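The values are calculated or read from the model by the stated rules, or taken from the named source; none is laboratory data. Computed from a predicted model, the values in this text were never measured in an experiment. All Cβ positions, even for glycine, are placed from backbone atoms using ideal geometry, and neighbour counts span all protein chains on display. Note: areas computed on protein heavy atoms with side chains; ligands, DNA, RNA excluded. Shrake-Rupley method; radii C 1.70, N 1.55, O 1.52, S 1.80 Å.
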Amino acid sequence: MSGLSAALRLAMFGKNVLVLEKHYVVGGLNSFYARKGRKFDVGLHAVTNFPSPSSGKTSPLLRACRQLRIPFESLNLYEQSRSRISFEDKHIRFNNEFSFFLNEIYENFPKEKDRFRNFLQKMEDFDAYSINVPDLSTRSILKEAFAEPLLGEMLLCPTSYYGSAQENDIDFATFTMLFDAIFKQGLARPSHGIRAILDPLVQKLDEMGVKRLMNNAVKKIKTYNGKATEIVMDNEDTYTADHIISTCGLVETEELLTKKKTPPKENKMGNFSVIETISVFKGKPTDFGWDETVIFYNDDQEFRYEKPKESMDSTSGVICIPENYQDPHNQKVDESRLRITNPANFDKWDSLEEPAYIAEKARCETVMLQKALEYLPKGQIQKKDFSDATLLKDTFTPRTIKKYTNHANGALYGSPVKSRSGSSQIKNLYLAGTDQGYIGIVGAMLGGIAVANNRILRPA
Amino acid sequence: MNKDKVKQIVLDIISEIAPDEDLSDVKPEIRLRDQLDLDSMDFLDIVMELRKQHGIDVPEAEYRQLESLDSCGNYLLPKFEAGAAA
């Protein structure tokens, strides 16, 4: 997504662009696939940053649309119904109206009202979007900010799941961006899923004559005197370019360089990955009394966001029901989806041979569904009904994420070390995408745009 | 070429890069930023469109000359004329 966005900006201003894609579909983490005639999105639970009435025109999503000259209306975005953060018996609900969320905080944590206001101010005063932002631990800031630790833990949950590359923490800049993106702006989804965003990007690139080479990976980037001189593909084809933008990740790009200045460090490797199981079921979610869009849950008072010891950990996770976005089309669907996402261990999945891999997927599907039903209204007593209504289940694992994103360890959000500016150790090689540290679909687009603008287009 | 034509060219570019903005009542003497929702990324696009469509270069140090339609007219007119003469 960031690569396509960068390519589009460059082509728009007359640069000769070539897009190289390892996979046979575009999009990276924000991609799609088909099973039994049904289309599934890989990453997309929600497009964040929806310009809700309370956030006005400041939404980065509108910025991205403008820069890419894609009319915002053409995305056909529909807003969430209502979502929830649940920690045991404590629930904070939110929709795209910030005042509703604030009210939920104040009702659930009445003693924290003033402290929460101060915390909002602290975020306002913090220049999260600057390139040279200090690296601060959100967990320690939250611990200091509130008397009741649970409030901080509950805020960390959706923000981590929607964009933290670090385990058990987020840097405060990323947290602030995510907080704005999820709560101050809002969640929405294109009527036709992620392709509503990918298709116009690709179509525009095609119209401008930009060549895309699919299903062929970059094997190495040759360098000489600190400059990238040649790209070598898996099939031994070679390309040269004045500028190269790599969207395959920080560590992953360094590994492509023939002359590395520094070997990749362990602390540069992302560890957090997920498993997601999708149940396609007959009818509408409201047939089961489920009217919420996204539910972030945690079994404990303390939120753990880490690589589990076992293949998967269902004690915390995210449930998403795409048919609960307020798309009029969803009123008349005859089948719907329940998506359940839990932390997962890449190494465990990567070490499994095919029959064991499939068996472990099936085992996890059952465990994940069982747990998710505990967090859905009357989920437990409807277990059999839901099982009877289920038409198809599909599950992707950290191994699948690696296939789509090329991230080492199948790390959902890449390396915990971010390069905002997109600089690499090589002069004419820039990084875009996840490892720039901008978040989600909108972050991917804006990251690619920023690198194209600041590194290549902006006259010296 | 005259200043009004230059202003119209700038307005046409703005309507391309920010189709959601209402340009029917833009005051030429007031800063564009103060009456339209334009940020630095948008100004970069105006500069790049001037170069792409009209071959006019605006160095980064002189972006401020584009702050209002009037200043655009004053600053860009000689550049358009130089381009036409060349």
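For a test of the definition: using alpha carbon positions, the gyration tensor, and the 1.5 limit on a/c, classify the range A:131-260 as rounded, prolate or oblate. Taking the square roots of the gyration eigenvalues as a ≥ b ≥ c, the range A:131-260 is oblate. Take the Cβ atoms of B:Asn74 and A:Asp237, set R0 to 45 Å, and the FRET efficiency comes out at 0.30. Mean Kyte-Doolittle hydropathy of -1.0 or higher plus an axial Cα length of 27 Å or more: which whole DSSP H helices in chain A meet both? Helices passing the filter in chain A: A:354-374.
Only helices enter this figure: runs of n ≥ 4 DSSP H residues, each worth -39500 (n - 2.57), summed and divided by the residues of the protein assembly as shown, yield -11000 deg cm²/dmol at 222 nm to the nearest 500. If you take the Cα centroid of the range A:278-348 and the Cα centroid of the range B:45-68, the two points sit 48 Å apart. Separation of the alpha carbons by more than 21 angstrom is noted, of A:Lys15/A:Lys211; A:Lys15/A:Lys403; A:Lys36/A:Lys361; A:Lys309/A:Lys378; A:Lys39/A:Lys211, for A:Lys15/A:Lys403; A:Lys309/A:Lys378; A:Lys39/A:Lys211. Overall, the accessible surface of chain A at a probe of 1.4 angstrom is composed of carbon and sulfur to the extent of 48 percent. If a spin label sat at a point 7 angstrom from the Cα of B:Ala85 along the line to its beta carbon, the backbone N atoms of the range B:1-15 nearer than 19 Å would be those of B:1-6.
Site-free segments of chain A were taken between trypsin sites (Lys or Arg not before Pro) in DSSP loops having at most 12 other Cβ atoms within 10 Å, sites themselves excluded; the longest one is A:37-258. For the chain pair B and A, buried accessible area totals roughly 1600 Å², probe 1.4 Å, rounded to the nearest 100.
With a simple spin-label model that places each label point 7 Å from the Cα along the Cα-to-Cβ direction, the separation between B:Lys27 and A:Ser99 comes to 3.1 nm. Of the residues in the range A:47-69, those shielded by at least 40 Å² of accessible area once partner protein chains are present, compared with the chain alone at a 1.4 Å probe, are A:Lys57, A:Arg63, A:Arg66, A:Gln67, A:Arg69. In the range A:129-206, Cα pairs under 8 Å separated by at least six residues give a relative contact order of 30 percent. If you average the C-alpha positions of the range A:389-425 and of the range A:433-460 separately, how far apart do those two centres end up, in angstrom? That distance is 18 Å. Along the Cα-to-C-beta direction of A:Asn16, a point sits 7 Å from the Cα; which residues of the range A:197-213 have their amide N less than 20 Å from that point? In the range A:197-213, the label zone of A:Asn16 (backbone N under 20 Å from the point 7 Å along Cα→Cβ) covers A:205-213. Show me the GluC sites (Glu not before Pro) within the range B:20-79 that DSSP assigns to loop and that have at most 12 other Cβ atoms within 10 Å of their Cβ. Taking the range B:20-79 and a limit of 12 other Cβ atoms within 10 Å, the loop GluC sites (Glu not before Pro) found are B:Glu29.
Which pairs, out of A:Lys184/A:Lys307; B:Lys5/B:Lys79; A:Lys143/A:Lys371, put more than 20 Å between their alpha-carbon atoms?
The answer is A:Lys184/A:Lys307; A:Lys143/A:Lys371.
Take B:Asp57 and A:Lys122, extend 7 Å from each Cα along the Cα→Cβ direction, and tell me the distance between the two endpoints in nm. Taking the simple label geometry, B:Asp57 and A:Lys122 are separated by 4.9 nm. Residues considered: B:Ser40, B:Ser71, B:Ser24. Largest GNM mean-square fluctuation over chain B, using C-alpha springs under 10 Å, is found at B:Ser24. Across the range A:1-87, Cα pairs under 8 Å and at least six residues apart give a relative contact order of 17 percent. Counting, for every residue in B:44-52, the Cβ atoms of other protein chains within 10 Å of its Cβ and taking the mean gives 4.
Using the Cβ-Cβ distance between B:Gln8 and A:Asn168 with R0 set to 45 Å, the FRET efficiency from 1/(1 + (r/R0)^6) comes to roughly 0.20.
Between amide H atoms placed 1.01 Å from N, distances below 5 Å from B:Asp37 occur with no residue 5 or more places distant or on a separate chain. Across chain A, Cα pairs under 8 Å and at least six residues apart give a relative contact order of 24 percent. Taking 0.36 nm per residue of separation and subtracting the Cα-Cα distance, full extension of the segment from A:Gln326 to A:Lys36 would add 101.8 nm. On full extension, the segment bounded by A:Glu302 and A:Thr286 gains 2.7 nm, given 0.36 nm per residue less the C-alpha separation.
Extension gain, A:Ser421-A:Ser137: 0.36 nm per intervening residue step, less the Cα-Cα distance, totals 100.2 nm.
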